[in-house]
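The structure appears below as structure tokens.
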Amino acid sequence: MTIRKLRTIDLIIFTVVGSILDIVIGLKGFFGIVAFVSIGIPLVVLSYIRWGKYALLANLVLAIVHLFLFEAPFLSRLAHSLALMLLSCSLFIQRWSFYRVTRLNFGLVVGLYIALYLIMFFGEWCMLLIFQMEIPLENLALNHSINILVGSFLLGLMAIQKELLVHMDPYLREKSEENKQHE
């Protein structure tokens, strides 16, 4: 299987799973909690870690799902969906810091997740201000705090898997080289 086919399958799986889980949680709630909880956000971050710029489509799909999912005023949902696209900042963060590392440890991944989430959070808050839908910062923070905890927990589970939190292109090329040497 080529890297392109593997990338396509991988991104489709993460996008579909994240979108379906967010739809179910959005409609049914999360263990009785009626708040914004998204499993799709850590999966998009994982997609950026694994595939870089190719995760932009998964990010866009999740933003569109969130635009139509929640029962809130349209401008509020728009601000949230646009803020979700700020997860693409991971492309710039990865270039500056740990992009040369093939396997990422849990600390780096959670640090990236929290940094991206804070960018997304403040981006959403600023857009709400621009749209004249002032929400106190502490209310928005309370709403998002559960999501940060759930996402960090999920990324912790992912970190247990040795080949999940890796940059896939260099990793697959490295494995291909190892297989050639063993033959």
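May I have the convex hull volume per residue, in Å³, for the Cα set of the chain?
114 Å³
Can you tell me the length gained on complete extension of the stretch H182 to L129, counting 0.36 nm per residue apart and subtracting the Cα distance?
13.2 nm
Quote the relative contact order of the chain in percent (integer), defining contacts as alpha-carbon pairs under 8 Å separated by 6+ residues.
26 percent
Need the list of lysines near K175 for cross-linking: C-alpha distance under 18 angstrom, and skip anything on the same chain fewer than eight residues off.
K5, K162
Rounding to the nearest 20 debye, state how big the charge dipole of the chain is about its Cα centre with +1 on each Lys and Arg Cβ and -1 on each Asp and Glu Cβ.
Taking the Cα centre of the chain as origin, the dipole is about 520 debye.
Could you order peptides 22-29, 132-139 by the average number of other Cβ atoms within 10 Å of their residues, highest first?
So the peptides 22-29, 132-139, ranked by packing, come out 22-29, 132-139.
Rule-based calculations on the coordinates, nothing more; no lab input. Quantities reported herein were computed from a predicted structural model and do not represent experimental measurements. All Cβ positions, glycine included, derive from the backbone under ideal geometry; neighbour counts span all protein chains shown.
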